[in-house]
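So the structure is just underneath, and the comments pick up after that.
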Amino acid sequence: MAVETFDGWDGEYPAPGGGMVVFTCPSNFPSKFTDGISEHAGDCSCRMSGEDKKERRLARKNRIMRMTGYPLTLTGFSCLLWIASALEPVVYWAVHPGERYANASQEVSAAHIVGCTNECKMENPSQPCLAFNYRESDGTCQLLYGGSSQLVLAEGFQAFVQFLCLTDYPKMKNAKESFEDWKGEYPAPQGAKVVFTCQKGFVDGPSEHTASCSCNTPDVWCTTFALGEGDVLCPT
């Protein structure tokens, strides 16, 4: 369980603009979040500049060192990590460990993961930012606007996405495809389904197979067939 500390407020509501919740970890846990990021936080109605955020972050670390003699080690949650801004009810989830989205539309700098989240939502309101990559080591924030995306090696980035699908659905060779609850265009909404049928019948018995978008995890297709079997289940 992560430890919560408050910066700029005392944890009582209403929270002031810029009030921060910082998630840390007991000393008997590893030194980083499971997604590789050294700390996570949530800002109330955050509109601070990057320099303001850097100054606040440095001041908080200095206070910690004065109080304890060493900086607290930070880790992540065992469940899916999500980042939500107070400006709108939009949530971004940490996904695809070891990989990042390839089709970045824009690259900006953000001193903190919360800043990158807010950049994703505020940079171009008319064209929603559905996902982003964030690299804590240098504050690089890569924004993705609409459409689909492939995955590439992380190179220090952590990918975040809304609860939908940007990556391609698994294919089944020789099978006929139809779509339920979407038109086959990306981004695919949560629950979007691809239905596969086979003229001669699938060799494993079912009359149809399906792939569903984000049934359990953001940007992951849940299938009724094992990945890698799509080329052999429908005979020609």
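The values are calculated or read from the model by the stated rules, or taken from the named source; none is laboratory data. Just so you know, these numbers come straight off a predicted model, no measurement behind them. Cβ sites come from the backbone with ideal geometry, for glycine too, and all protein chains shown count toward neighbours.
Of all residues in the range 201-218, those satisfying the criterion of being surrounded by 16 or more Cβ atoms within 10 Å (Cβ to Cβ) and either in a loop (DSSP other than H, G, I, E, B) or not assigned by TED's automatic domain parsing to the domain that holds ASP168 (or both) are PHE202, SER214, PRO218.
Which of the residues spanning the range 180-200 are touching a residue at least 24 places away in the same chain (Cβ under 8 Å), surrounded by 13 or more Cβ atoms within 10 Å (Cβ to Cβ) and farther than 25 Å from VAL91 by Cβ? Hits for the range 180-200 are PHE196, CYS198. In the condition set (1) over 15 Å from the mean Cα position of the chain (by Cα); (2) surrounded by 12 or more Cβ atoms within 10 Å (Cβ to Cβ), PHE157 is compliant with all but (1).
Which condition does VAL152 not pass, out of (1) over 23 Å from VAL90 (Cα atoms); (2) in contact (Cβ under 8 Å) with a residue 40 or more places away in the chain; (3) assigned by TED's automatic domain parsing to the domain that holds CYS222, if it passes all the others? Result: VAL152 fails condition (3) only. Picking from residues in the range 202-236 that are in contact (Cβ under 8 Å) with a residue 12 or more places away in the chain and small (Gly, Ala, Ser), the one that is farthest from VAL161 (Cα to Cα) is GLY230.
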